[in-house]
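A short worksheet on the structure shown next.
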Amino acid sequence: MDSLNQIFWIGQKLYIMKVFLPIIIGFLILFIGLLAIFALSFWWRHYRLWHLGKDENRFDQVATRVKTLLAVMFAHIRFWKELYPGTMHFLIFWGAILIFLGKIVRLFSYPVGLTNPPQNIFKSASFISEVGGILAIIGGCMAVYRRYIIKPSRLETKSDRTLIFIWGFVLLMTGYLIKGYRIAVVGVNIPSDWISWTPVSYLFSRFFLILPTAPLNELLIWHRVLIHAIPAFLFFAYVFITRNPLQHFFLSPINVYFRNLKLKGVLLPIPNFEEAETFGVREISEFTWKQLLDLEACTNCGRCQDVCPAHLSQKPLSPRRMTQNLKEHLWREGPKLLATPIEQRQPEAIMETTVGEDELWACTACMACEEACPVYIEQIVRNIDLRRYLVLVETKYSSEVRLTLKNLEKSNNPWGVSRGVRTEWTKGLGVKTFSEVTDPEILFWVGCCGSYDARNQKVATSMVKILQACEVRFGILGNEEGCCGDPARRIGNEYLFQTTAEANIKILKGYGVKKILTLCPHCFHILKNEYPQLGGEFQVIHHTQFLTELLTSGKLKPTKPINKVITYHDSCYLGRANQIFEAPRKILHSIPGLKLIEMKRHHHRSFCCGAGGGRMWMEEHIGTRINQMRTDQAIEVKAEWVGTACPYCLTMLGDGIKEKGKAETMAAYDLSELVEQSI
Ligand code: SF4
Ligand code: SF4
């Protein structure tokens, strides 16, 4: 009896092998073929293009990179800022992963005899695929509803996306239909617990009940191959070979891995500046390989566009569109460049064909786009590279930029006011220069706004009074202080920035300065994060951090109540760039009577005042004024006062309040002014 069973068992195996072996072999051939197509296409269509770009080292900190990649891919940490699209993408992603895992396990279960009777591993794989399919269908329906019914303006729907949706749904449905048909024809032979492992396919099987039951035969298997497996392979071949939106599933993770691990918004010097023959980026191959990868990895999701102050104020800039246009440029120009010997190449100039000047100059370098991007596309460095070419090579810029640069060159401040009157504001305050102070603790870097702008001189004065009240031994550089270099660098004049910064570093080192206190987040950012590139290593602290330290140590005690409702405007270069969000709020909470309310966009999602990226020195000729939009957001929450910690923001919001006709009921203050009022 035993040997009879054994013979029967072997016979059964042989039958399974006879039926499935050609399928498995066919699958393996297709699978290997697909991998080969993928590798070839990846090298031909992507890798070669990226190699047109310049070198850039993004191969450090492997552990951090892997950690971020896993967190972004599997936990979708960058997607949850928006619940609907986040959930939608999460469901589609995990649905696809589960389907794929289940399929592989099931396929290899046949030849190793895990299917007859079905073993737990086979049944679990089947269940995983069933669940994956449902997740993908729900996520897919959400995507279709959003893209074709809600139609948010940030989404661009071309025919290839529609094709992918239809193809994807067909694959999911045929998967269930085939399994359902199998269940229907096997009928009563299905073990009862099997149904619970294939709940969805079981439901589909009910549609086939009208069919006469027939034994499961090869015909069904070949049907399955024809209507499900081959379309699936063709789908993947299409995704790998053509340029289509679904390629983000392998391009975006690569981009996430190679993401910028430095602080956002930090610009780097032009390499070999003295010997370089050209500066910035004129043509596509002058970007780095990572910047070219960025272009291809952009998913066209439009999250950046939705938060961009330039776009929202009707300027001709959308970071999404600019990235997509540059991608098209790369796809058009890249293959031509690769096919032409270097000496015969005549590449298109990006600014002549792909990016408009108004578009480029509209950027406030606020980093909102980079904060929102789920796959870490870097916009700001790319924009500044394009500006560097216009400014340093073509000398092509507006008359306002021309005047600002001239003022910076001539007088070392953007207004062009004589350097000799830089310390006029200190009259009667008893402020000493750094060299006059015995054992100074800190250098107070006043900045151009604090030195020359009447409104911001009041802020500098408040800060001095607080420092004096707390008996801090501080000094200023006086007339030796120059512009920190932020406007020149963000405008694209790297030469002017470097000469300015080097002169400042020399003076600071000459006085043995170790610790610097700044009022302005732009001075703070550049002194702290960009001067080290030129050998200027100092301990730099923003006044909100310093005031918080004084509060914590008990030296500073705001006691006089200020009974006002205030909203705090996070400056881009204090918040998004340097992650200083809580110190300003601690200061506001320390003032008795002051009630803090947040605007809709705060902390990381704060809305730019419109003055960053050198825009402080340019007029807004197109669309709504960004400062007015931000003022509207403060009005919306019924704030009486707007608190800031940045001279640019203070100016812009002060102007916004006046322009909106709210000067009677609203006012903008720097936090140091509020502290001074309260002590
Ligand atoms: S940095 Fe700001 S202004 Fe510039 S593209 Fe990004 S979001 Fe828009
Ligand atoms: S840059 Fe980022 S946020 Fe903007 S469209 Fe591309 S992937 Fe989306």
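Quick note: the coordinates plus some simple rules give every number you see, no bench work behind them. None of these values were measured; they are calculated from a predicted model. For neighbour counting, all protein chains shown are included, and Cβ atoms are generated from backbone atoms with ideal geometry for every residue, glycine included.
For the stretch 299-314, putting each phi into the Karplus relation 6.51 cos²θ - 1.76 cosθ + 1.60 with θ = phi - 60° gives couplings of 8, 6, 6, x, 4, 5, 5, 5, 10, 6, x, 5, 5, 5, 9, 6 Hz, in residue order, rounded to whole numbers and with x for Gly and Pro.
Computed from point charges on the beta carbon alone (+1 for Lys and Arg, -1 for Asp and Glu), the dipole magnitude for the stretch 597-670 about its Cα centre is near 220 Debye.
Length gained on full extension, L261 to I138: 40.8 nm, using 0.36 nm per residue less the C-alpha separation. Taking only the C-alpha atoms of the chain, Rg followed by Dmax gives 31.6, 113 Å. Centroid-to-centroid, using Cα positions, the stretch 482-531 and the stretch 142-173 are 49 Å apart.
Here's how it looks for T433: its modeled amide H is under 5 Å from those of I476, which are all 5 or more places away or on a different chain.
Near the amide H of L596, within less than 5 Å, lie the amide hydrogens of I566, all on another chain or at least 5 residues away, with H placed in the peptide plane. 3J(HN,Hα) along the stretch 616-622, derived from phi through the Karplus expression 6.51 cos²θ - 1.76 cosθ + 1.60 where θ = phi - 60°, amounts to 4, 9, 10, 7, 9, 8, 10 Hz, with x in place of Gly and Pro. Shape class of the stretch 474-627 from the alpha-carbon gyration tensor: oblate, with a/c at 1.5 or above and b/c at least as large as a/b.
Bridge orientation summary for the chain: considering DSSP beta bridges with both residues in this region, about 5 percent are antiparallel. Measuring between alpha carbons in the structure, the pairs from K158/K315; K81/K600; K427/K555 lying more than 19 angstrom apart are K158/K315; K427/K555. A simple count of charges around N244, restricted to other residues whose Cβ falls under 13 Å of its Cβ and scoring Lys, Arg +1 and Asp, Glu -1, yields +3. Each label point was placed 7 Å from the Cα along the Cα-to-Cβ direction; for K54 and E156 their separation is 2.7 nm. Each Lys and Arg contributes +1 and each Asp and Glu -1, all at the Cβ; summed about the Cα centre of the chain, the dipole is approximately 1560 debye.
Pairs spanning more than 21 Å between alpha-carbon atoms, out of K406/K528; K406/K660; K290/K327: K406/K528; K406/K660.
Residues whose amide H falls under 5 Å from that of G610, counting only those 5 or more places apart or on a different chain, are absent, with hydrogens built in the peptide plane. The alpha-carbon of K123 sits under 20 angstrom from the alpha-carbons of these lysines, leaving out residues fewer than 8 places away in its chain: K13, K103, K179. At a Cβ-Cβ separation cutoff of 4.7 angstrom, cysteine residues of the chain with no neighbouring cysteine are C141, C298, C301, C308, C363, C373, C448, C449, C470, C483. Which lysines have a Cα less than 17 Å from the Cα of K560, not counting those fewer than 8 places away in the same chain? Result set, ordered by chain and number: K465, K586, K595. Between the helical axis of 626-636 and the longest alpha-carbon principal axis of the chain there is an angle of about 80 degrees. Phi angles of the stretch 84-90 translate, via the Karplus equation with coefficients 6.51, -1.76, 1.60 and θ = phi - 60°, into HN-Hα couplings of 5, x, x, 4, 4, 5, 4 Hz per residue; Gly and Pro are given as x.
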